[in-house]
Amino acid sequence: MDPIRIAVVGMGKIARDQHLPAISGNVAFGLAATVSPDDAGITGVPHHASLDALLADGPAVDAVALCTPPQVRYALASQALARGMHVFLEKPPGATLSEVAVLEDQAQKTGASLFAAWHSRFAAGVAPARAWLSDRRVDRVTIVWREDVRVWHPGQAWIWEPGGLGVFDPGINALSIATWILPRPFFLESATLALPGNRAAPIAADILFRDSRGAPITMDLDWRQTGPQSWDIVVDTDAGTLRLANGGAVLTLPSGTDHAEDREYPGLYARFATLIHTGRSEVDTAPLRLVADAFLRGTRLAVEDFDD
Ligand code: NAP
């Protein structure tokens with residue numbers, strides 16, 4: 001089978017840290033081009049400043065990986081799907097739920113594969129956690145996602161703008177795991193969003209969800225964390241406590257702890273190849289729906305200005 005000729009669009013941090021190595025490590029793909037307005041690209045690979053320029057003058061491409069900020073992703077995805085290209089959407093899949101629904105419909109009509117990727121679902125501990133929880137009674141879930149925005153998102157203006165999600169940019173990773181491993185659906189009961197006076201997006205949030213049996217799921221998100229960082233989910237069940245640490249990488253069950261190698265992006269690209277080869281799409285918007293609900297129903301709390 002010929003390799004899928006893929007273009008990476010949006011040559012920022014995640015494209016360089018994860019997408020390029022994952023593509024070069026997967027024989028199902030060949031990097032055909034890169035696109036980014038202000039980046040120089042990489043040696044030996046055709047580079048264009050915009051998707052328009054690639055489509056007008058560039059090499060033939062079968063698929064695009066959209067690694068831009070979410071606010072510009074819809075237009076790029078729609079343009080690529082209109083050309084029959086397969087589309088990998090970085091998380092979150094869009095800036096609104098409705099635009100993702102339109103893309104899903106467009107992909108179905110064109111027959112192209114649309115993949116709304118949730119990288120944290122491919123963290124090493126997540127699949128075994130999901131299997132272990134599948135026949136457990138969940139009594140309580142505690143999510144703590146506290147990181148230092150100055151370390152992880154330096155100079156990313158888009159993340160503080162409407163549609164950038166603020167602290168929900170990392171928080172949605174926790175929700176992508178929770179919606180995948182918990183055996184019952186859950187929904188938001190209350191939320192407080194901490195908004196710096198000089199920012200359009202929250203810097204912290206406290207949220208209470210409940211599952212369909214009434215079990216509480218609390219989520220503590222904070223971007224002002226210095227020192228040790230936390231990306232932890234603890235699930236209390238009728239059979240003991242499950243702990244997922246390091247963003248899903250380290251799983252501890254009552255029987256012991258499992259450390260496995262990080263395979264998130266290789267896993268995502270293996271999945272994307274399977275979807276393309278089998279003519280399917282995968283678009284789960286459950287994590288984005290929960291974030292939208294927090295913005296819909298959350299109480300805003302004004303907090304002090306925050307500068308990078
Ligand atoms: P980033 O470093 O700010 O990179 C985004 C890049 O998108 C910029 O370098 C910019 O290119 C490019 N861009 C902006 N508008 C564009 C357009 N219209 N066409 C083509 N390229 C455009 O952001 P990031 O951290 O990589 O995050 C990007 C996405 O990946 C976000 O949705 C984020 O949630 C997700 N993600 C990030 C991480 C992470 O650890 N950083 C992890 C997983 C997922 P120029 O520099 O050329 O202007």
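Bear in mind that the values in this text are calculations on the coordinates, not laboratory data. This one's a predicted model, so the numbers in the text were calculated from it and none came from an experiment. Cβ: placed from backbone, ideal geometry, glycine included. Neighbour counts: every protein chain shown.
Taking the number of Cβ atoms within 10 Å of each Cβ as an exposure proxy, the fewest-first ranking of 223, 132 is 132, 223.
Label-to-label distance, residue 213 versus residue 38, with points set 7 angstrom from Cα along the beta-carbon direction: 5.0 nm. If you take the Cα centroid of segment 37-66 and the Cα centroid of segment 127-167, the two points sit 31 Å apart.
Direction-averaged projected area, Cα convex hull, segment 14-152: 11.5 nm², rounded to one decimal. Rounded to 0.05, the FRET efficiency of the residue 13 and residue 53 pair, given R0 = 25 Å and the Cβ-Cβ distance, is 0.65. Please sort by residue number the chymotrypsin sites (Phe, Trp or Tyr not before Pro) in segment 8-96 whose DSSP state is loop and whose Cβ has at most 15 other Cβ atoms within 10 Å. Loop-located and lightly packed - none at all.
Inter-label distance, residue 236 to residue 135: 2.5 nm, where each label sits 7 Å from its Cα along the C-beta direction. Residue-wise HN-Hα couplings along segment 296-301, as the Karplus relation 6.51 cos²θ - 1.76 cosθ + 1.60 with θ = phi - 60° gives them from phi, are 6, 10, x, 7, 8, 10 Hz; Gly and Pro carry x. Only Lys, Arg, Asp and Glu carry charge here, each on its Cβ (+1 for the first two, -1 for the last two); on that basis the chain has a dipole of about 660 debye about its Cα centre.
Under a model in which nothing but the beta-carbon of Lys, Arg (+1) and Asp, Glu (-1) is charged, segment 150-259 shows a dipole of about 140 debye around its Cα centre.
The mean of 1/r over all pairs of different alpha-carbon atoms in segment 29-82, once inverted, gives a Kirkwood hydrodynamic radius of 11.7 Å. Contact order for the chain, expressed relative to its length and based on alpha carbon pairs under 8 Å spaced 6+ residues apart, stands at 19 percent.
The radius of gyration of the Cα set in segment 92-183, together with its Dmax, comes out at 16.1, 44 angstrom. Taking 0.36 nm per residue of separation and subtracting the current Cα-Cα distance, fully stretching the chain between residue 83 and residue 299 would add 73.5 nm. Close amide H pairs (under 5 Å, H built 1.01 Å from N) link residue 86 with 63, 64, 113, residues at least 5 positions away or on another chain. FRET efficiency for the pair residue 150 and residue 97, taken as 1/(1 + (r/R0)^6) with r the Cβ-Cβ distance and R0 = 30 Å, rounds to 0.50.
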